[in-house]
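Bear in mind these aren't lab numbers, they're just calculated from the coordinates by the rules spelled out. Small disclaimer: the values here were computed from a predicted structure and weren't measured. Don't worry about glycine lacking a Cβ; one is built from the backbone with ideal geometry, like all the others, and counts go over all protein chains shown.
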């Protein structure tokens, strides 16, 4: 696609375009130059050109011939060719025969109404408004773009009931002035209270006009006026949204919607409407209860929710349908604030003591009786102040005068039940249900309370002393019974001791007999055991001796045979020397002393003495070694 467009664009050049359309371009340029430089010449020739974003307002300076030379008295716009401001305007285009010496043409921009606004129209010419009227009625005139039709159809001078919605209009400024005003906005959860500035007078005895249909939430003022709408406060309200409202016709005040919370109903008191039939019956003599839409208290209350109600022509009284608690207590109030003016009840007893008591009253108003309560009292505060407050206060004051303080305190439960019965009976007469009556704190005088306290302490002390005395008597009985019980225990222990001794003696005899039999048996067993041991020991010794003897004999025989063989082999002298040497070596005996002392060679007696000493020493050593040798 791109490859196809590029060659085409390349083929078309400004030079080619100018060459093809140069004739028309020159003609247009020439016409523009002629218009700019020769406009006075065109005007002299009677030619007028009106651009596409303008209209031409025509003023005729004079009339040469004809009957209609002058505008009728009281008029300012010419409709029949008279001299003066002309009703007929010139739309965009070229006009001939508009000679400069007879006509003056003024270019005027179009009237533009932007979004979020409307155009209010003021007519400078037309019929006179009827006496008392504020707005001129609508006539067919193409939304004020045809001044001639407006005047010929009986259009009235002054503020117009009709208005211009957003758009562009060709309006003759000689006849109409247009001013802008904002579109009326009603926000969510709000309602618009309307007051009209034109219409018939309000009906006698009414504070608002009657309901009128067909005016599209007051956006069609002409329909409202045609159908007989009254000026002043209107019963009809407008809801959230945007509206084209003529501010010369209506004034709108924005107020919140009426909200009825859960647990309550709204009883409507209407100040507007026809006089309705009383629905309360002949026995109810406290006001009219009427059907919805009539003047008075509506029989059917409104349930929980939000309602677009006109608070200037009616009032809604909230009536709780849940149990309602009212407190006669200082500095204590419920969230509904109906008891904020109630306080602790002060009463005086029969014996002249003043004291205070707090009371709580629980009531319930059925939904079906809510209208009667409001018709009777006007609001809930009046019910509290005119019925509940005097009824409950007087009852307890009268009740306290029939009793002293002490009796009142001691019979609180009975008095509460009696108060509930009495107050419920009274409330039934006012279409209110009494649920319960509760007596709260009772505050007697301090002096009386001290006396009561002292008395109570004395009574309690007396009770304490009596209790202690009874406790001592009980303790004496206990001690007596304890002593008897202790003696009885000793008797029982003695009896038991006798039986135990008898049993012990029998046990001792039995034990002795058993010990004797046991000793006898042990002795017999021991004798038999000793006999057996002795026999075994004798037999052992005999066998041991026989074995030892046989051993010694065998050893001796072996040694003898060995010695005999050695003697035979070595000879007797050699065998003896050998044994002596073996003995000396085995016993580690020294044959040569460490120090040898010898005498001279010719010692004579001295040599012999020394040899004797050596021999003696050698014999001692041999003797001692033999004595130390172990015995085999």
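Odds and ends about this structure:
- With an a/c value of 1.5 or above and a/b not larger than b/c for the gyration tensor axes a ≥ b ≥ c computed over the alpha-carbon atoms, the range 269-325 is described as oblate.
- Peptides 478-485, 46-53 ordered by packing proxy, namely the average of other Cβ atoms within 10 Å per residue, highest first: 46-53, 478-485.
- Two-site FRET efficiency, residue 333 against residue 416, from Cβ-Cβ distance with R₀ of 25 Å, rounded to 0.05: 0.70
- Rounded if a/c under 1.5, otherwise prolate or oblate - the range 38-181, Cα gyration tensor axes: oblate
- Cα shape, the range 119-194, gyration tensor, a/c 1.5 rule: oblate
- Computed with the Debye formula from one identical point scatterer per Cα of the range 183-256, without solvent, the log10 of I(q)/I(0) at q = 0.15, 0.19, 0.20 Å⁻¹ comes to -0.44, -0.71, -0.78.
- Most to least packed among 517-526, 81-90, 395-404 [average Cβ atoms within 10 Å]: 81-90, 395-404, 517-526
- Convex hull (Cα only) mean projected area of the range 186-323, reported in nm² to one decimal: 9.5 nm²
- The modelled label-to-label distance for the pair residue 99/residue 446, using points 7 Å beyond Cα in the direction of Cβ, is 11.8 nm.
- Share of Cα-Cα pairs in the range 264-442 lying beyond 25 Å, as whole percent: 42 percent
- Added length on full extension, which subtracts the Cα-Cα distance from 0.36 nm per residue, residue 455 to residue 24: 142.2 nm
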